[in-house]
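The values are calculated or read from the model by the stated rules, or taken from the named source; none is laboratory data. Remember, predicted model here, so these are calculated numbers, not experimental data. All Cβ positions, even for glycine, are placed from backbone atoms using ideal geometry, and neighbour counts span all protein chains on display. To get the accessible areas, we keep the full protein, side chains included, count just its heavy atoms, and leave off ligands, DNA and RNA. Shrake-Rupley method; radii C 1.70, N 1.55, O 1.52, S 1.80 Å.
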Amino acid sequence: MPETARPQQTGAPARKENIAMRLVRGEILHFFSDPGDDSGAQRAQTAFRHHADGGLLVGGGRIAFCGDWADALAAAPAGTPVDDHGGRLLLPGFVDTHVHYPQTDIIGSPGKDLLDWLDRYTFPAERPFGDEAVAAGTAEFFCDELLRNGTTTALVFGTVHPQSVDAFFRVAQRRELRMVAGKVMMDRHCPAYLRDTAQSSYDDSRRLIERWHGADRLRYAITPRFAITSSDAQLQAAGTLAREFPTVALHSHVAESRAEVDRVRELYPQARSYLDVYDRFGLLRRPAVYAHCIYLDAQDRRRMAGCGTAAAFSPTSNLFLGSGLFDLRQALDDGVTVGVATDVGGGTSFSMLRTLAAARQVSQLNGYPLPALRAFWLATLSGAVALGLDDCIGNFAEGKEADFVVLDPQATPLLARRMARAQTLEERLFLWMTLGDDRSVSATYIRGRCRWQRDAGAPQVHLR
Ligand SMILES: [Zn+2]
């Protein structure tokens, strides 16, 4: 019981100046770079840090120290309270690099394919988000669901209505979440009730950027839905916004299904490829995230790698809609930044663990058995890099914001039984991504404070 072993502190009340600091104990894993395919290799050894009995010291919402428990304890001022998650794994919070909060209520809708699913389910579902009360209620549920699943940051689609983004950001701001979101720009090939214009989408986006970009932990993303639903004039307006606001993110879809790619070729015959449509309007850069990226060629990947534009790999969505198999290894080999994404509601789960399971399955079908360490790097640090947020989240480097998740190896009887046979960290990570889901997340911390926990008994808090 090192927390109470120091005689000078026995019975002493916590000192006032230490109230904002907190020690969190547990096994710790975090990444500094891509661990690659071989966990025994030199690259892997420097790519991550693992502390079997680790401690995080947090203060002012940031990481003050991360290391072995004994060192964390020594670094902490006397009286620092402790959250003890012994036997559980602390990871940086998951980063969901592409998700639609207004589609929460159509998850699991049986569309025949992408374009059918958009027409039959998505567009009607997005209609009521001009009502801020509807938008706020959905945003509250959506943020609860993210925290239940250990996701602390997401790149989020609103609807065409600016109110949908105001409502989402208000909810996220109240919860002190680090979120990136934007209003959909969509002026053709969709129902009239969801249509803006090039000018109104420019004006509304601009107002939202001025109101929200950089407010507390929030950032804005210029969000044309995809090339099919934006006119040339609207993509031009998006490019103008991108030039005027160089730190704002860009967020859209590209090359998700074959029928979509064919349609884009008809609409933009002058473009070399689907990705090139966006490039021509100045919509590729960092941070920019394009969901799916299934039907790209080598030249597209080189272009993305060269300008830091990221791909959001959305495996449950791609399997559910039958869109295709993203070639993860090829993208990584070509230097493309890749994040993992749930893409709810085309995706079938808010859980990044379920999403990693699907990522492994898709990769297997492409002849690439995605290793667990690399999968967890993709879901944490690589997602932060994709969003241009790796200066403030993504790992436990000192000074970064203390958003993290606690994974329980005993979450279900099967997981507990199977974990008991696991010998290595890689084996355990693989079990979490194969058998895990929201039940595996025992707590989620935002800015160093526990904002969600599964069982009321944990974490055990006692004073040093
Ligand atoms: Zn999407």
- Query: In the full protein assembly as shown, how much of Arg451 is accessible to a 1.4 Å probe, in Å² to the nearest 10?
  - Reply: 70 Å²
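Over every pair of different alpha-carbon atoms in the chain, take the mean of 1/r and invert it; report that Kirkwood radius in Å.
Details: mean 1/r = 0.0445 Å⁻¹.
Result for the chain, one decimal place: 22.5 Å.
Could you tell me which of rounded, prolate or oblate describes segment 333-464, using a ≥ b ≥ c as the square roots of the eigenvalues of the alpha-carbon gyration tensor, with rounded for a/c under 1.5 and, failing that, prolate when a/b is larger than b/c and oblate otherwise?
Details: a/c = 1.74, a/b = 1.16, b/c = 1.51.
It comes out oblate by the Cα gyration axes.
Per residue, how many Å² of accessible area does the chain show with a 1.4 Å probe? Display every interim value, and only then the final one.
Details: 16960 Å² over 464 residues.
With the other protein chains kept in place, the chain gives 37 Å² per residue.
Given +1 on the Cβ of Lys and Arg, -1 on the Cβ of Asp and Glu, and no further charges, what dipole in debye does segment 53-200 carry about its Cα centre, rounded to the nearest 20?
On the way: 13 positive and 20 negative charges, 67 e Å.
Approximately 320 debye in magnitude.
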- Message: Normalised radius of gyration for segment 154-250, please: alpha carbon Rg relative to 2.2 N^0.38 Å, two decimal places.
- Response: 1.01
- Which net charge results for the neighbourhood of Leu194, defined as the other residues with beta-carbon distances under 15 angstrom from its beta-carbon, given Lys and Arg at +1 and Asp and Glu at -1? 0
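State whether segment 339-397 is rounded, prolate or oblate according to the following rule on the C-alpha gyration tensor (a ≥ b ≥ c being the square roots of its eigenvalues): a/c under 1.5 gives rounded; otherwise a/b larger than b/c gives prolate, and the remaining case gives oblate.
Numbers: a/c = 2.37, a/b = 1.43, b/c = 1.65.
It comes out oblate by the Cα gyration axes.
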- Query: Carbon and sulfur together cover what percent of the accessible area of the chain at a 1.4 Å probe radius?
  - Reply: 49 percent
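Have a look at the DSSP beta bridges in the chain and tell me what percent are antiparallel, nearest 5. Can you show the working numbers first?
Working: 33 of 67 bridges.
Here the antiparallel bridges make up roughly 50 percent for the chain.
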- How do the peptides 53-66, 132-145 rank, highest first, by the average count of neighbouring beta carbon atoms within 10 Å per residue? 53-66, 132-145
- Note on the structure: Placing each pseudo-label 7 Å from Cα in the direction of the beta carbon, Arg127 and Gln410 end up separated by a distance in nanometres of 5.1 nm
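Would you mind estimating how fast segment 43-86 diffuses translationally, via Stokes-Einstein at 37 °C and 0.692 mPa s with the Kirkwood radius over Cα pairs, in µm²/s?
Details: Rh = 11.5 Å.
Diffusion coefficient, whole number: 286 µm²/s.
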